[in-house]
Amino acid sequence: MLLGVNIDHIATLRNARGGLEPNLIQAALVCEKAGADGITVHLREDRRHTRDNDVYELKKILKTRLNLEMALTDEMQKIALDVLPQNVCLVPEKREEVTTEGGLDVASRVEFVADFVKPLVEAGIVVSLFIDPDKNQVQAAAKTGAQFIELHTGRYSEAFGRENEELEFDNLKEAAQLAQRLGLKVNAGHGLTYENVHRMKSIPQLIELNIGHNIIAHAVFDGLEKAVKDMKDLIS
Ligand code: PXP
């Protein structure tokens, strides 16, 4: 299974001081060196983390793939057609949300999504729709011309270790099977952690997992001890 690393949190930290550190490009290169198969960033309407320039720079520098998460707006479509990332993942976006809350509602607007996807696919971009593991959404996604879906694993992640874990896991499994039958390729992501990710390996249709928050959270503790020691050494 492939791993796409979402580095939006690095950009959030960088933006907190308005400078260039931690450097987003450097972070992407470290992820690639460590084996990431792709780098994901979400260019939000409010540019709260990743910015336009980051996307252009990443496209230039990455040796793997740039996966651009974006909403279905004219502005984002224009940027995607200019940057030409290898992958685009279409996501719903609400200004107030802390992170992408639910999957894209494709079923209620198949034609609109299909029209949005068309020029992207024609430009050679591999397009994925971020949807809940819901039969109607999978069936609708298959009618849009997108080659991939990314199954929203948020509900599984929240249910992990609780009584509805099996139900949420089965929803993912069944959605992945249906997608395969309909000719879609399948990725998954959101809320996956070092504790709950292992079950994804038993869904054979899954090609790539997109993980951000928990990897960056882990990285903080993996690096914090050394960071403090290095500073202490410098001033002792
Ligand atoms: N996939 C999509 C479409 C997302 O929007 C996000 C969050 O930005 C992720 C995956 C990664 O989720 P997390 O940061 O919880 O690992």
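Tabulated results
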{"item": "Subset of segment 183-199 that is out of contact with any helix residue (DSSP H, G or I) (no Cβ under 7 Å at 6 or more places or on another chain) and closer than 22 Å to PRO92 by Cβ - its residue that is nearest to the ligand (Cβ to nearest atom)", "result": "GLY189"}
{"item": "Wholly within segment 52-164, helices (runs of 4 or more DSSP H) carrying at least 3 residues that are out of contact with any Cys (no Cβ under 7 Å at 6 or more places or on another chain) and closer than 21 Å to ALA175 by Cβ", "result": "110-122, 135-141, 154-159"}
{"item": "Any hit, segment 40-50, residues being hydrophobic (A, V, I, L, M, F, W, C), closer than 23 Å to THR153 by Cα, modelled with pLDDT of 95 or more and surrounded by fewer than 20 Cβ atoms within 10 Å (Cβ to Cβ)", "result": "no"}
{"item": "Near pairs, Cβ below 8 angstrom, 6+ apart or cross-chain, from segment 201-226 (near the ligand (Cβ under 9 Å from one of its atoms)) to any residue that is among the charged types (D, E, K, R)", "result": "ASN210/GLU150; GLY212/ASP8"}
{"item": "Where GLN86 falls short, out of the listed (1) over 12 Å from VAL127 (Cβ atoms); (2) at pLDDT 95 or above; (3) out of contact with any helix residue (DSSP H, G or I) (no Cβ under 6 Å at 6 or more places or on another chain)", "result": "(1)"}
{"item": "Selection count where residues are of a type outside the set (D, E, K, R), within 24 Å of GLY145 (Cα to Cα) and touching a Leu at 6+ places or on another chain (Cβ under 8 Å), scope segment 51-91", "result": "18"}
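The values are calculated or read from the model by the stated rules, or taken from the named source; none is laboratory data. Since the model is a prediction, treat every value here as computed from it, not as a measurement. Note that we place each Cβ from the backbone using ideal geometry, even for glycine, and neighbour counts take in every protein chain shown.
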